[in-house]
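Undergrad: Input: one structure, supplied below.
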Amino acid sequence: MRQFVRIACIASLLASCKKDAPSDAAALPASAKTAAAAAPVSVPASSMRTAVAPLASPFASRAPTKGRCRPRIADAPKPIRGAGSFVTRDGKISVAVNDDGVPRFVDDVNGALKASRSPCAAAADTLYCASTKGIIRRYDAKGAASDVTEGAASAQLAAAKLGDREVVAFLRAVQTPSGVVREAWARTSEGQVVKISDDGAGATSLDIVTSNERITFLTVEARTSLATLTARNASVKDGRLVLAPATVVFAGGGGDYLLEPRGVALSGGRLLLATVLPQDLHAFGSAVFILDANHLTNIEPVWSLYPRGLDDAAFAVTVHQGKTWMVRVKPTSAEGHSALALEVGQLDEAGRFVTFGERMAPENPAHLALASDRDALVMYVDGDRGGQRERWVCGEAR
């Protein structure tokens with residue numbers, strides 16, 4: 001995320017490996033073999049640590065894990081560049097990329113396609129996509145399109161359903177006396193438009209979490225020397241969205257504006273917020289916050305540190321079979337040019353990351369999407385060689 005955080009060096013732990021690996025297992029590059037001893041700074045899996053059996057090429061498992069995850073189906077990469085998003089289509093989970101405000105389903109694309117780095121946002125079987133001119137369009141389950149509002153060019157979007165009501169959150173460029181500032185706004189399916197950001201706050205990324213009759217907007221608001229992760233509840237009263245005061249969940253340095261929030265609703269009226277950013281000048285990793293959704297308060301994050309910093313630290317979070325799962329791109333060692341791994345793990349009730357397995361990441365993974373599909377986690381990775389969908393089956397923790 002920021003170049004100078006790459007000076008981070010995390011204490012290494014010797015990882016155990018199975019010696020009876022199948023002969024067709026993928027071999028790790030030399031840099032990754034050297035790094036195999038570096039385990040993530042996260043929750044110890046158990047007092048009896050076990051190694052995941054090596055996977056068939058092109059996958060390779062190295063780190064001790066709790067339980068195990070393995071890919072059941074791995075599509076060959078398609079020559080499609082751009083961030084993907086999952087949506088329910090004809091009763092099945094499908095991947096769509098944003099082609100200048102038009103969703104293109106990966107399964108239907110023949111040939112190469114360069115799509116946007118800003119994915120469409122899904123609300124059940126509805127998609128919202130932003131064009132390079134900032135026009136935000138809604139696509140229903142049958143593909144019928146309608147323009148709903150205007151945001152910043154290729155604006156980042158988040159969408160959700162609250163009962164029968166759809167809500168889409170977006171960034172809008174606003175001219176102020178001090179220059180152009182991006183603000184976070186939201187629009188309901190009834191046409192109500194509300195401003196989420198506080199005046200003077202430059203919003204850079206956002207997400208939406210819904211639970212019962214409440215919606216929570218997550219925004220990152222950046223100023224010159226300060227970046228804040230902010231949560232703001234909203235409820236429906238007399239058919240209109242009513243915003244509660246915003247709460248600053250976390251405050252970081254001005255350079256932390258690239259962090260992106262991801263949230264899920266937990267049982268007991270709680271929210272889980274996750275992001276990836278520097279802990280300080282010498283450490284970098286994922287930070288998880290567990291909040292009381294009724295009384296949002298500023299709390300300390302639970303950290304899971306990486307061996308070093310990373311500019312494009314892609315990650316995604318979803319709920320699968322009642323558990324919260326995270327997939328993240330992580331360096332394999334503290335060396336500046338070490339290989340990258342794609343790590344799958346579970347976030348426990350306290351927000352601690354427990355690794356369930358990893359494999360070598362595709363070249364320069366820029367974006368990850370994650371969803372639950374019956375008995376498996378489905379993942380979509382956007383890398384230099386194109387987009388790839390994977391289906392992972394994860395066993396229970398041992």
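The values are calculated or read from the model by the stated rules, or taken from the named source; none is laboratory data. The structure displayed is predicted, hence computed values, not measured ones. No Cβ is skipped: glycine too gets one built from the backbone with ideal geometry, and neighbour counts run over all protein chains shown.
Undergrad: State all residues of the stretch 182-221 that are assigned to a strand (DSSP E or B), among the acidic types (Asp, Glu) and either touching an Asp or Glu at 6+ places or on another chain (Cβ under 8 Å) or at pLDDT 95 or above (or both); if no residue qualifies, say none.
TA: From the stretch 182-221, those assigned to a strand (DSSP E or B) are 182-188, 193-195, 202-211, 214-221; that's our starting set.
Narrowing the set further to residues that are among the acidic types (Asp, Glu) leaves 183, 207, 221.
Listed by number, the residues that qualify are Asp207, Glu221.
Undergrad: Now a separate question. When Asp99 is evaluated against the numbered criteria (1) in contact (Cβ under 8 Å) with a residue 40 or more places away in the chain; (2) over 23 Å from Ala186 (Cβ atoms); (3) among the charged types (D, E, K, R), which criterion, by number, is the only one it fails?
TA: (1)
Undergrad: Scan the stretch 119-131 residue by residue and report those that are modelled with pLDDT of 95 or more and in a loop (DSSP other than H, G, I, E, B).
TA: Pro119, Cys120, Ser131
Undergrad: Only one of these is touching a residue at least 40 places away in the same chain (Cβ under 8 Å), hydrophobic (A, V, I, L, M, F, W, C) and either touching a His at 6+ places or on another chain (Cβ under 6 Å) or over 25 Å from Thr247 (Cβ atoms) (or both): Ala159, Ala169, Ala141. Name it.
TA: Step by step, each of Ala159, Ala169, Ala141 is checked, and only Ala141 is touching a residue at least 40 places away in the same chain (Cβ under 8 Å), hydrophobic (A, V, I, L, M, F, W, C) and either touching a His at 6+ places or on another chain (Cβ under 6 Å) or over 25 Å from Thr247 (Cβ atoms) (or both).
Undergrad: Restricting the first residue to the stretch 298-314 and requiring it to be surrounded by 21 or more Cβ atoms within 10 Å (Cβ to Cβ), which pairs with a second residue that is acidic (Asp, Glu) and in a loop (DSSP other than H, G, I, E, B) meet a Cβ separation below 8 Å and a spacing of at least six or different chains?
TA: Listed by first residue and then by second, the contacts come to Arg308/Glu335.
Undergrad: Further question: Suppose we filter Leu340, Leu368, Leu347 for residues that are under 24 Å from Ala96 (Cα atoms) and among the hydrophobic types (A, V, I, L, M, F, W, C); which single one remains?
TA: Leu368
Undergrad: Could you pull out every one of the strands (runs of 3 or more DSSP E) wholly within the stretch 355-398 that has 2 or more residues that are in contact with a Cys (Cβ under 6 Å, 6 or more places away or on another chain)?
TA: 386-394
Undergrad: Could you check Glu190 against (1) out of contact with any Gly (no Cβ under 8 Å at 6 or more places or on another chain); (2) farther than 20 Å from Glu221 by Cβ; (3) loosely packed, with under 14 Cβ neighbours inside 10 Å and say which number it fails?
TA: Only one criterion in (1) out of contact with any Gly (no Cβ under 8 Å at 6 or more places or on another chain); (2) farther than 20 Å from Glu221 by Cβ; (3) loosely packed, with under 14 Cβ neighbours inside 10 Å is unmet by Glu190, namely (1).
Undergrad: Still on this model: Does Asp199 satisfy the criteria of being of a type outside the set (S, T, N, Q), surrounded by fewer than 19 Cβ atoms within 10 Å (Cβ to Cβ), under 20 Å from Lys237 (Cβ atoms) and over 25 Å from the mean Cα position of the chain (by Cα)?
TA: So Asp199 does not fit the description; no.
Undergrad: Could you identify the single residue in Val236, Val264 that is within 26 Å of Arg182 (Cβ to Cβ) and among the β-branched types (Val, Ile, Thr)?
TA: Unique residue meeting the criteria: Val264.
Undergrad: Would you confirm whether any residue within the stretch 324-338 is β-branched (Val, Ile, Thr) and surrounded by fewer than 20 Cβ atoms within 10 Å (Cβ to Cβ)?
TA: So far as the stretch 324-338 goes, no, none of its residues is β-branched (Val, Ile, Thr) and surrounded by fewer than 20 Cβ atoms within 10 Å (Cβ to Cβ).
Undergrad: Go through the stretch 372-387 and count every residue that is surrounded by fewer than 22 Cβ atoms within 10 Å (Cβ to Cβ) and not basic (Lys, Arg).
TA: Of the residues in the stretch 372-387, 8 are surrounded by fewer than 22 Cβ atoms within 10 Å (Cβ to Cβ) and not basic (Lys, Arg).
Undergrad: Looking at (1) hydroxyl-bearing (Ser, Thr, Tyr); (2) part of a helix (DSSP H, G or I); (3) at pLDDT 95 or above, which is the only condition Tyr257 fails?
TA: (3)
Undergrad: Which pairs turn up if I take residues in the stretch 276-289 that are closer than 12 Å to Val302 by Cα and look for partners that are of a type in the set (S, T, N, Q) with beta carbon separation below 6 Å, at least 6 apart in sequence or on another chain?
TA: As it stands, the answer is Val276/Ser286; Gly285/Ser304; Ser286/Ser304; Ala287/Thr275, since those pairs meet every condition given.
Undergrad: Restricting to the stretch 312-346, name every residue that is part of a loop (DSSP other than H, G, I, E, B) and within 15 Å of Gly383 (Cβ to Cβ). So that I can check it myself, show each step before the final result.
TA: Filtering the stretch 312-346 for residues part of a loop (DSSP other than H, G, I, E, B) gives 312-314, 321-322, 332-339.
If the condition is that a residue be part of a loop (DSSP other than H, G, I, E, B) and within 15 Å of Gly383 (Cβ to Cβ), then Asp312, Ala313, Ala314, Ala339 are the ones that fit.
Undergrad: Counting only residues that are in contact with a Lys or Arg (Cβ under 9 Å, 6 or more places away or on another chain), surrounded by fewer than 18 Cβ atoms within 10 Å (Cβ to Cβ) and acidic (Asp, Glu), which one in the stretch 65-106 is nearest to Lys142 (Cα to Cα)?
TA: Asp100
Undergrad: Scan the stretch 202-255 for residues that are in contact with a strand residue (DSSP E or B) (Cβ under 7 Å, 6 or more places away or on another chain), surrounded by fewer than 21 Cβ atoms within 10 Å (Cβ to Cβ) and either closer than 15 Å to Gln156 by Cβ or free of Cβ contacts under 8 Å to residues at least 12 places away in the same chain (or both) and jot them down.
TA: Thr204, Val242
Undergrad: Taking Ala265 as the residue in question, decide whether it is within 28 Å of Ala369 (Cβ to Cβ), surrounded by 22 or more Cβ atoms within 10 Å (Cβ to Cβ) and within 21 Å of the chain's Cα centre (by Cα).
TA: no
Undergrad: Tell me, which residue of the stretch 160-181 that is modelled with pLDDT under 90 and part of a strand (DSSP E or B) is surrounded by the most Cβ atoms within 10 Å (Cβ to Cβ)?
TA: Checking each candidate, the answer is Leu162.
Undergrad: Let me ask something additional. If we keep just the residues of the stretch 114-151 that are surrounded by fewer than 19 Cβ atoms within 10 Å (Cβ to Cβ) and of a type in the set (Gly, Ala, Ser), which is nearest to Asp90 (Cα to Cα)?
TA: Looking at the filtered set, the residue picked out is Ala141.
Undergrad: Determine the pairs where a residue that is touching a residue at least 60 places away in the same chain (Cβ under 8 Å) and closer than 17 Å to Val317 by Cβ, located within the stretch 355-384, has a partner that is of a type in the set (Val, Ile, Thr) and assigned to a loop (DSSP other than H, G, I, E, B) with Cβ atoms under 6 Å apart, the partner being 6 or more residues away or on another chain.
TA: Note: pairs meeting the criteria are Gly357/Val52.
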